[in-house]
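As structure tokens, the structure follows; a few thoughts come after it.
The values are calculated or read from the model by the stated rules, or taken from the named source; none is laboratory data. None of these values were measured; they are calculated from a predicted model. A quick note on method: Cβ atoms are made from the backbone with ideal geometry, for glycine too, and the neighbour counts reach across all protein chains shown. The accessibility values were calculated without ligands, DNA or RNA, using every heavy atom of the protein model including side chains. Shrake-Rupley method; radii C 1.70, N 1.55, O 1.52, S 1.80 Å.
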Amino acid sequence: MTELSKDLLPLTEAFFYILVTLYPRAAHGYAMMQDVEKISAGRVRIGAGTLYTALNTLQKKGLIENVPEIEIGADSRRKLYAITELGKIVLKAEMERMEELLLNARSAITNVE
């Protein structure tokens, strides 16, 4: 984990899920909202206000970026977002951090039981 990625952790649940949904492919906001709900089996629902605030913050941090739409006839008002290389590094670092938390918790609980 790089020092830079440590400074960006921990991610909020919304930031984490947005980066996860963008990892395989670029997406529009509405698609991200649907993907987050699907991935979390309906537990997490990100509303439009939360989503666009999060996207703005993630862009400012350099974790995502706008990418040009290549579809012919695409609606120019809709923005397409993609995860950056830094975003991928931070997402993987967050996953490592969460795995460590789970290992430590499981170890502590197992030792008590």
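Please sort 31-37, 46-52 by packing, taking for each peptide the average over its residues of neighbouring beta carbons within 10 angstrom, highest first.
On the way: 31-37: 18.3, 46-52: 13.6.
Highest mean packing first, the order is 31-37, 46-52.
In whole percent, what relative contact order does the chain give with Cα contacts below 8 Å and a gap of six or more residues? Spell out each step's value before the answer.
Details: 104 pairs, mean separation 37.0, N = 113.
Worked out over the chain, it gives 33 percent.
For the chain, what number of Lys pairs, 8 or more residues apart or on separate chains, have alpha-carbon atoms under 24 Å from each other?
Close lysine pairs found across the chain: 14.
For the chain, with all protein chains present and a 1.4 Å probe, just round the carbon and sulfur fraction of the accessible area to a whole percent. Don't skip to the answer; put the middle values down first.
Working: 4160 of 7450 Å².
On the chain, the fraction of accessible area on carbon and sulfur atoms equals 56 percent.
What residues have an amide H closer than 5 Å to that of Leu80, excluding those fewer than 5 places away on the same chain, when H is modeled at 1.01 Å from N in the peptide plane?
Residues meeting the amide H criterion: Val67.
Enter the angle in degrees (range 0 to 90, nearest 10) between the Cα long axis of helix 48-60 and the first principal axis of the Cα atoms of the chain, meaning the one along which they spread out most.
80 degrees
Report ³J(HN,Hα) in whole Hz for each residue of region 90-100, in order, from the Karplus equation J = 6.51 cos²θ - 1.76 cosθ + 1.60 where θ = phi - 60°; Gly and Pro get x.
5, 4, 5, 5, 5, 4, 4, 4, 5, 4, 5
When the chain is treated as a GNM, springs tying every alpha-carbon pair under 10 Å, which of Val44, Val20, Val90 comes out with the largest mean-square fluctuation?
Top of the fluctuation ranking is Val44.
Would you calculate, for the chain, the mean residue ellipticity at 222 nm contributed by helices, counting each DSSP H stretch of 4 or more residues as -39,500 (n - 2.57) and dividing by all residues, to the nearest 500? All intermediate terms of the calculation are to be shown ahead of the outcome.
Working: 5 runs with 67 residues, N = 113.
Mean residue ellipticity, 222 nm, calculated: -19000 deg cm²/dmol.
Which ³J(HN,Hα) values in Hz, rounded to whole numbers, follow from the phi angles of region 81-88 under the Karplus curve 6.51 cos²θ - 1.76 cosθ + 1.60, where θ = phi - 60° and Gly and Pro get x?
10, 9, 6, 8, 4, 4, x, 5
Counting Lys and Arg as +1 and Asp and Glu as -1, each charge on the Cβ, what is the dipole of region 21-92 about the Cα centre in debye, to the nearest 20? Each step should come with its number before you reach the end.
Details: 11 positive and 7 negative charges, 58 e Å.
Approximately 280 debye in magnitude.
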